[in-house]
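The values are calculated or read from the model by the stated rules, or taken from the named source; none is laboratory data. The structure displayed is predicted, hence computed values, not measured ones. Because the Cβ atoms are built from the backbone with ideal geometry, glycine has one as well, and the counts that use them run over all protein chains shown.
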Amino acid sequence: MNSDFVLQELKLIDPSMGSGHILVYAFDVLIQLYVAEGFRERDAVELILRNNLYGLDIDKRAFQLAYFALMMKARQYSRRILNKHIKLNVYTVPGEAGISESDIKLLPMNFPDQEKAFEDLETLVTNFKYGSDLGSLIEFKDIDFENLKSGLNTENISLFDDDIRKMVCVGELLQQKYDIAVTNPPYMGSSGFNSTLSTFAKKNYKNSKSDLFAMFIERWNHALNFDGYNSMVTMQSWMFLSSYESMRKNIISKLTITNLMHMENMVMGIAFGTAVTIFKKNYLKGFKGTYHQIKFKDISQKDSPKSLPITGNRFNQISQDEFTKIPGQPISYWVSENLIHLFQKETIADYGFAGIGMRTGNNEKFLRRWFEVDAGLFNPNLKNIDSQTNSDKWLPYNKGGEFRRFYGNNEYIVNWQNNGNEIKKETKKKYPQLGDNLGWKISNEKYYLKSGITWTGVSTGKFNARKYPNGFLFDSGANGLFCYDKSKENYILGLLNTKAINWILQLINPTINYGAGTIRKIPVVYNEDFKTKIDEIVNILYSGAHHNWDNYETSWDFKSHPLI
């Protein structure tokens with residue numbers, strides 16, 4: 001804060017206050033600050049309620065609980081506070097009030113600037129029409145609230161006028177700037193949005209529209225004064241997922257992450273990782289934020305960490321500028337300088353094309369296990385197949401599967417007769433808007449039937465990659481990697497199956513999804529001196545994996561059981 005900061009001018013808001021526990025805790029902190037400055041407790045109580053604390057929620061019952069909790073906290077420090085009839089700065093966000101433009105113009109109120117007042121009131125009514133859905137994500141600009149409040153100071157206020165008064169009060173809270181925003185925002189993925197919230201998110205929160213909590217981060221970062229702070233308890237997904245990449249870039253380039261506490265699954269009693277992040281409004285170049293992780297085993301019986309920071313746990317003080325050097329700019333605070341430097345070198349994308357395969361649109365119709373069709377309809381020996389002249393109906397199909405490195409999981413076949421004519425025909429019928437461009441359904445067709453590397457796209461275990469020969473097609477769940485120089489294919493395959501790559505993948509995308517976009521970002525250190533030895537080792541491992549797979553009847557190359 002500025003050295004000339006006046007405590008009475010500090011504004012703190014909880015924009016999704018729930019039952020008000022954060023506001024109550026903030027009250028205790030503020031009392032201590034006022035007393036330290038020489039104020040009497042009873043005087044400080046009034047100042048805090050009038051000037052310092054603000055709260056919003058869409059739930060009326062939550063508002064009532066927060067109001068009660070805050071007044072009882074005030075009563076703790078000032079026994080006569082209930083006689084003061086102080087109006088707290090906590091509200092429910094107004095919803096549809098049934099007020100029209102013509103109703104506004106009939107208001108028996110006199111404003112210093114009547115035309116501006118009616119214009120601003122119309123803006124409030126329009127935006128609060130969906131207040132119950134959008135809550136404190138609504139944002140106002142350039143409304144003259146002093147003008148509006150002057151006109152509202154009249155007698156004989158009707159229920160209709162009271163709705164207007166509430167809109168003005170809440171609207172002012174949504175427009176003014178704050179020194180501190182702090183909340184545990186609601187979590188809801190975009191798939192759960194109703195049509196109103198979905199449309200609003202796509203229009204106003206393009207970088208954070210994937211989840212409600214991310215929209216709250218972005219919205220309340222906007223609402224800070226130049227040297228203000230925003231602290232939120234959220235899911236960890238914004239730190240890593242590609243869907244939040246633009247959001248991260250904006251945060252890293254315009255704000256400063258001063259502190260981040262990263263909590264493992266179940267630390268807060270919920271089955272996913274969370275993050276408590278403090279954002280400072282302005283960007284401080286070179287500033288080293290403090291980051292640390294709390295694992296479930298670090299929690300004591302009192303449901304709190306045994307110590308902070310955790311001894312031997314992930315702890316680092318690092319400049320967020322370093323994150324820009326990592327593909328996707330994940331908030332990977334534990335990364336060493338050597339690894340960051342590694343990302344400045346070549347990646348998988350420099351050695352081959354990695355891309356998604358097809359979505360048949362009807363797997364029950366177009367996919368089979370290889371042993372489910374007549375032998376005469378499936379020929380696995382397609383070393384030199386030409387997709388343009390192929391007349392075989394069923395062809396090998398990569399579809400992910402269990403953990404298996406170097407070779408295997410060759411179980412599925414796909415109906416690709418006449419170059420996939422039947423699949424393409426059904427796709428065009430189902431998605432006529434695509435025309436002849438079936439890109440997102442039949443993706444990267446020029447790589448079909450060519451040898452390459454595949455991997456299991458969704459896995460809760462370690463990353464695993466396999467090589468396959470000509471004649472295969474590949475699925476959206478088992479993307480393909482096709483080396484520009486086939487002589488380096490073994491080198492890349494060996495690299496992908498190392499422990500180092502598993503560690504790097506957890507750095508750039510710590511989820512269970514390994515899409516082609518993520519694989520393309522993996523750094524490669526190519527050393528010609530080691531190539532011959534690596535080729536030899538990978539060939540041995542590939543042969544061993546191939547032999548192991550063929551030892552069982554699930555393989556179409558099965559000859560006899562190894563015990564016979």
Per-region count, region 218-263, residues more than 21 Å from Glu139 (Cα to Cα), aliphatic (A, V, I, L, M) and not in a helix (DSSP H, G or I)
7
Applying the selection to region 310-327, what residues are in a strand (DSSP E or B) and either of a type in the set (Val, Ile, Thr) or in contact (Cβ under 8 Å) with a residue 60 or more places away in the chain (or both)?
Ile318
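Answer yes or no as to whether Lys149 is over 26 Å from Phe5 (Cα atoms), touching a residue at least 12 places away in the same chain (Cβ under 8 Å) and of a type in the set (Lys, Arg).
yes
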Tally of residues being closer than 30 Å to Tyr291 by Cβ, among the aliphatic types (A, V, I, L, M) and over 23 Å from the mean Cα position of the chain (by Cα) across region 329-369:
4
I'd like the full set of residues that are under 27 Å from Ser487 (Cβ atoms) and not charged (D, E, K, R), limited to region 421-459.
Ser443, Asn444, Tyr447, Tyr448, Leu449, Ser451, Gly452, Ile453, Thr454, Trp455, Thr456, Gly457
Hand me the list of helices (runs of 4 or more DSSP H) wholly inside region 113-206 holding 1 or more residues that are over 28 Å from the mean Cα position of the chain (by Cα) and of a type outside the set (D, E, K, R).
114-128, 145-152, 159-175
So the check is Cβ under 9 Å with 6+ separation or different chains; which pairs have a first residue in region 276-291 that's of a type in the set (A, V, I, L, M, F, W, C) and a second one that's modelled with pLDDT of 95 or more and part of a loop (DSSP other than H, G, I, E, B)?
Phe279/Leu255
When region 508-564 is examined, which residues are found to be among the basic types (Lys, Arg), surrounded by 13 or more Cβ atoms within 10 Å (Cβ to Cβ) and under 20 Å from Gly408 (Cβ atoms)?
none
Name the residue that is nearest to Trp334 (Cα to Cα), counting only residues in region 241-259 that are crowded, with 21+ Cβ neighbours inside 10 Å and among the hydrophobic types (A, V, I, L, M, F, W, C).
Ile257
Checked region 437-459 for anything assigned to a strand (DSSP E or B) and within 24 Å of Lys425 (Cβ to Cβ); matches are Ile442
Residues to consider are Leu121, Leu65, Leu106; find the one that is surrounded by fewer than 15 Cβ atoms within 10 Å (Cβ to Cβ), without any contact (Cβ under 8 Å) to a residue 60 or more places away in the chain and either closer than 28 Å to Tyr34 by Cα or out of contact with any Pro (no Cβ under 9 Å at 6 or more places or on another chain) (or both).
Leu106
